[in-house]
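Here's the structure we're looking at; comments come further down.
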Amino acid sequence: MAIGWYRDIRRHAYDNVYGGYIEACTEDWQPLSDLRLSLKDANERKSMNTHLHVLEAWTTLYEIWPDEHLKADILELLKIFDEKIIHPATHHLQLFFADDWTVKSTLISYGHDIEAAWLLLEAAIIIGEEQEIIAFVSGRFIWYGRH
């Protein structure tokens, strides 16, 4: 079942132009005019939260199904966090984005900053990606206290 969900989400919710995943859709994968999952969310097609939890799900799936395409998807998500989601100066996670990854929010979610630290490292360790693990050790992804 999990492999089927992975394939469906890749087929229907993956952005083939800019990469990443859309926030939400209908049960039959149709677009929604209001993508907010709660009233506090911005109505944007991409969010840090969706990408963080997709990464978490793909990482868990990889532990029982070490597929090379899945590994590539996990690596792409790590790259998206590094290049798009983690703010280059403050190192906080940026929360909402347009399709082209234009940032649409200045809010900070400290809890997600902390959660992302271990989920990103866990993903790199589980897929055995030494370069990404070294990135954590060398500080590229370590953003605590850098203000």
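What number, rounded to the nearest 500 deg cm²/dmol, is the helix-based mean residue ellipticity at 222 nm of the chain, given -39500 (n - 2.57) per DSSP H run of at least four residues and division by all its residues?
-15000 deg cm²/dmol
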Inset, instruction - Search the structure for amide H atoms under 5 Å from the amide H of Tyr21, placed 1.01 Å from N in the peptide plane, and list their residues when 5 or more places away or on another chain. - result: Asp15
Legend entry - Charge dipole (debye, nearest 20) of the chain; +1 at Cβ of Lys and Arg, -1 at Cβ of Asp and Glu: 380 debye
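Students often check this: by mean Cβ neighbours within 10 Å, which of 74-81, 102-109 ranks highest, and how do the rest follow?
74-81, 102-109
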Inset, instruction - Give a residue-ordered list of calculated ³J(HN,Hα) values for segment 126-136 (Karplus: 6.51 cos²θ - 1.76 cosθ + 1.60, θ = phi - 60°; whole Hz; x for Gly, Pro). - result: 5, 7, x, 8, 4, 4, 6, 5, 4, 4, 5
Inset, instruction - Return a whole-number percent for the relative contact order of segment 1-90, with Cα pairs under 8 Å and 6 or more residues apart as the contact set. - result: 21 percent
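Where a number appears in this text, it was derived from the coordinates with a stated rule and is not lab data. As the structure is a computational prediction, the values presented were derived from the model and not from experiment. All Cβ positions, glycine included, derive from the backbone under ideal geometry; neighbour counts span all protein chains shown.
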